[in-house]
Amino acid sequence: MPYLHADNGDATVARVRHRSLHAHDVLTHAARVHGQSTVTTVTPQGASSDLTYAGLAERAWSCANHLRDRGIRTGDHVANIGLSAADQLAWLYGALSIGAVSHLVNPQHPAEDVAYLMRAARPTLMLHDTVTSPLAQALSNCGSSIPLLDIAQTFGNTRKPDGAPPFPEDAAAFVCYSSGTTGLPKTVQYTHRSTLLHAWACALPDAMGLSAQDRVMPLMQTYHATAWGAPFVCPLVGAALVLVPPDRDPARWFRWIEDHRVTVLGAVTAHWMALAQ
């Protein structure tokens, strides 16, 4: 929070001015301060590509402008169905910047569950990638009449959107869903403020202790609680982010760790057991 200083006789009084916390400001900061740090995307076929945070910001603002051109406004819902990738993050940050709410849908859920969740969410647009295209098409063919858009599609106008109506920091930022092991997946909604506070907490020394020298690879997908917040804490501190597909082969995990010089691995118990074995 910035301070306003005012003279009060011989003393200087510091007055705190509240500043709202918005999740997309993380990427604005990363583009300015850590612009050359990278997001690496590894495809299911094993190919990889890098995009700097500065480049990711430009792509995100392009996505935001396209969403606004389509008539999507603050509070509208967008389904984001895809594997972890820089393109997916660009649409997530783009939606955040205009106040639209992204639903990060797990494509591994049963199709009937996804259809039920989408009927409840009523998104105005459904984003998909190559892997999830059949699911998105199936949902569209079920009469949902939700327009489809490939996440890999690019557009012009990379200027950060301006003139958008302000929205509060406790507005919904995105939605994730539980694993569904106890029945229909449960909805979990995150706010802009909670997302930014979580990123700050993750970066602290007694938590993940991340810095701009780190290279972080979450084996959890973005639809799994936004990969435990890695897409926000990494740009906050300038750590490189390595996004990989939901592969179940530990040998590939080891290879990615070595190939991309990973210093921090995010994983669940099943991952660690598989690595140890």
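Nothing in this text is a laboratory measurement; each read-out follows from the coordinates by a stated rule. Keep in mind the model is a prediction, meaning the values are calculated, not measured. With ideal geometry, Cβ positions are generated from the backbone for all residues, glycine too; neighbour counts draw on all protein chains shown.
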Bridge orientation stat for segment 140-277 from DSSP, antiparallel percent rounded to 5, came to 50 percent
Shape of segment 1-158 from its Cα gyration tensor (a ≥ b ≥ c, root eigenvalues): rounded if a/c is under 1.5, otherwise prolate when a/b > b/c, or oblate? prolate
Would you give the gap between the C-alpha center of segment 248-269 and the C-alpha center of segment 44-119, rounded to a whole Å? 24 Å
Using packing as a proxy for protection, rank 81-87, 147-153, 123-129 so that the peptide with the highest average count of other Cβ atoms within 10 Å comes first. 81-87, 123-129, 147-153
Under 5 Å between amide hydrogens, which residues at least 5 positions from G35 or on another chain qualify, with H placed 1.01 Å from N in the peptide plane? none
Listed highest first by mean packing, meaning other Cβ atoms within 10 Å per residue, what order do 223-236, 197-210 come in? 223-236, 197-210
Under a GNM of the chain (C-alpha, springs under 10 Å), which listed residue has the highest mean-square fluctuation: V216, V175, V262? V262
Taking 0.36 nm per residue of separation and subtracting the Cα-Cα distance, what length does fully extending A152 through S211 add? 18.3 nm
Any residue on another chain or 5+ positions along whose placed amide H is under 5 Å from the amide H of T191 is listed here as A173
Under a plain spin-label model, where a point goes 7 Å from the Cα along Cα-to-Cβ, how far apart in nm are R73 and A120? 2.7 nm
Answer in debye to the nearest 20: the dipole magnitude of the chain about its Cα centre, from +1 Lys/Arg and -1 Asp/Glu charges placed on Cβ, is 300 debye
Rounded to one decimal in nm, the spacing of the 7 Å Cα→Cβ label points at Q277 and R248 is 1.1 nm
Consider the candidate values (i) 19.4, 73; (ii) 19.2, 67; (iii) 23.7, 73; state which one is Rg and Dmax of the Cα atoms in Å computed from the structure displayed. (i)
Taking every DSSP beta bridge with both residues inside segment 1-151, roughly what % is antiparallel (nearest 5)? 50 percent
Percent RCO, i.e. relative contact order, over segment 71-142, from Cα pairs under 8 Å lying at least 6 residues apart: 43 percent
